[in-house]
Amino acid sequence: MLGRLVDWFGDPTRWSGSAGIPARVLEHLGYTLLAVAIAAVIALPIGALVGHTRRGGLAVVGVANGLRALPELGVLVLFVLLLGLGLLPPTLALVLLAIPPMLAGAYSGVAGADPGAVDAARGIGMREHQILFGVEIPAAVPLVLGGVRFATLQVIATATIAAYVGLGGLGRYIIDGFAVRDFPQMLGGALIVAVLSVVVELVLQTLGRLVTPGPDRLRLPSARREPAPTPAPIPSREARP
Amino acid sequence: MRAFGYDIDELVVDHVLLAVVPVVLGLVIALPLGWWAHLSPGARRVLVPLSGALYTIPSLALIVFIPLVLGTPILSPVNVGLTLIIYTVALLVRSVAEALDAVPDTVTTAAVAVGYRPVGLLLGVQLPLAVPVLTAGLRVASVSSFSLVTVGALVGIQSLGTLMTDGFQQDYTAMVATGIVGSILLAFVFDALWLALGRALTPWARARQGV
């Protein structure tokens, strides 16, 4: 089986054309980006607003948890049966599945901002929108990014399944392979989509550490040229333990 | 009960077995691994990123891989079961380790002082105190397990997902909706069951709340 898998990857026709691996990878990434972007535009502002006002927090958490029980395959099939074939119905299903983790991330991130910092911001006269954008959202970045990452992985996985309802992408190899019992093709598709998921996860983790404020931020090599001056030890009169 | 030409009871039984057995087995496997990660920083540096990586692999891909790695028949429900075991272990190893980390030092020190040995300490003191965190992890694993079982229908593994695939082929919306609602209801029933079990195992938490 391993040899047949190698043969499958070795076939030069596999690497060009609209059913080739590069085209399928791009398709898959395209669906994922589209769905995650739409879901982010919907979920992040609502989550941030609910987190800021703290009104409807229970509803947000309830909706996010409830949506988690939705079977992805069923949602995809239902949307296609109700709305027809094409790009839109499966994309809407992917958006629906990407919303809960981002909603929960934005809500819990903003609501979990250090209340002392929020009070201090209010105390020095910052307006509500300044508090939201200047204090709470920067504090929420790690949890928001966690939500975006989880949503992205979920969409990559579900977009694979969406090949069953006619979407392109890497799931085609698995679904079409199964239809004609072409196991090397199924395995090849599975391997590529698994590698794609791990790579996307690593890229998002790295991006996340680049934009996260605070001590965990990843510094790019160019920023390391000038090492931060180490503060001189402050002489202290306090007795050391 | 029959509907849409299917024995619904049989589909429900298959669905429940395929969703619940792997979650329980996954918990049983995750406990010693999580304990190991709790005790050894070296083990943790390997186990936590490895579980993270396994958790990122899409379900359909994992279901297709397992026959290649283990030589199981490609149409066997074992592939779906093993996929769900892998996800459950991946999710719970970290929960178990963190739950054990969170047990206060004073408690473990006191237990050691009255003569608990490592295994007794784990079973008699640390695990009971970790139950709330474990229950939370188990519930997440269980809910997603019920929806992932349906993916098996794409490679011919029978569950309520069969109503979704066959309903799609027959353009029969009510059949698909039945599959979705059934899968969600089962997930909620077992979610409530895990919650009740977690409460039953921590009577002191109820006593503290005065319930």
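The values are calculated or read from the model by the stated rules, or taken from the named source; none is laboratory data. This structure is a prediction, so every number in the text was calculated from the model and none was measured. Every residue, glycine among them, receives a Cβ derived from its backbone with ideal geometry; neighbour counts consider all protein chains shown.
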- Condition set exposed (fewer than 13 other Cβ atoms within 10 Å of the Cβ) and away from every other protein chain (no Cβ under 14 Å), scope region A:47-95, selection modelled with the highest pLDDT: answer is A:L88
- Kindly indicate whether any position in region B:160-168 is in a helix (DSSP H, G or I), among the polar types (S, T, N, Q) and farther than 26 Å from B:V28 by Cα. yes
- Task: Exactly one condition in (1) more than 11 Å from every other protein chain (Cβ to nearest Cβ); (2) in contact with a Gly (Cβ under 8 Å, 6 or more places away or on another chain); (3) buried (at least 23 other Cβ atoms within 10 Å of the Cβ) is not met by B:G179; state its number.
- Result: (1)
- Residue by residue through region A:1-46, note down the ones that are away from chain B (no Cβ under 14 Å) and assigned to a loop (DSSP other than H, G, I, E, B). A:D11, A:S16, A:G17, A:S18, A:A19, A:G20
- In region B:69-96, residue modelled with the lowest pLDDT [restricted to those that are in contact with a Phe, Trp or Tyr (Cβ under 8 Å, 6 or more places away or on another chain) and not hydroxyl-bearing (S, T, Y)]: B:I74
- Query: Do we find that B:R206 is more than 10 Å from chain A (Cβ to nearest Cβ) and assigned to a helix (DSSP H, G or I) in this structure?
  - Reply: yes
- The listed residue being within 24 Å of B:D7 (Cα to Cα), surrounded by 14 or more Cβ atoms within 10 Å (Cβ to Cβ) and within 14 Å of chain A (Cβ to nearest Cβ), out of B:G152, B:G156: B:G152
- In region A:159-192, residues that are more than 17 Å from B:P67 (Cα to Cα) and at the interface with another protein chain (Cβ under 8 Å from one of its Cβ atoms) total 5
- Message: Against the definition (hydroxyl-bearing (S, T, Y) and free of Cβ contacts under 8 Å to residues at least 24 places away in the same chain), how does B:T135 come out, yes or no?
- Response: no
- Note on the structure: Considering only helices (runs of 4 or more DSSP H) wholly within region A:55-118, the ones with at least 2 residues that are among the hydroxyl-bearing types (S, T, Y) are A:88-111
- Message: Please count how many residues of region A:199-216 are assigned to a helix (DSSP H, G or I) and either touching a Pro at 6+ places or on another chain (Cβ under 9 Å) or buried (at least 16 other Cβ atoms within 10 Å of the Cβ) (or both).
- Response: 4
- Query: Listed residues B:V107, B:V46; which is touching a residue at least 12 places away in the same chain (Cβ under 8 Å), farther than 23 Å from B:L193 by Cα, part of a helix (DSSP H, G or I) and not small (G, A, S)?
  - Reply: B:V107
- Query: Does any residue in region B:111-125 that is closer than 19 Å to B:V96 by Cα come within less than 8 Å, Cβ to Cβ, of a residue that is of a type in the set (F, W, Y) six or more places away or on a different chain, and which pairs are these?
  - Reply: B:L122/B:W35; B:G124/B:Y116; B:V125/B:Y116
- Taking region A:14-25 and keeping residues modelled with pLDDT of 85 or more and either surrounded by fewer than 12 Cβ atoms within 10 Å (Cβ to Cβ) or on the phi > 0 side of the Ramachandran plot (or both) leaves A:P22
- Message: From the list B:L62, B:L27, B:L11, exactly one residue is free of Cβ contacts under 8 Å to residues at least 60 places away in the same chain and of a type outside the set (S, T, Y). Which is it?
- Response: B:L62
- Query: Looking at (1) within 12 Å of chain B (Cβ to nearest Cβ); (2) more than 30 Å from A:G3 (Cβ to Cβ), can you tell me which one A:V148 breaks?
  - Reply: (1)
- Query: If you check A:G56 against the conditions, is it closer than 20 Å to A:L196 by Cα, without any contact (Cβ under 8 Å) to a residue 60 or more places away in the chain and out of contact with any Gly (no Cβ under 9 Å at 6 or more places or on another chain)?
  - Reply: no
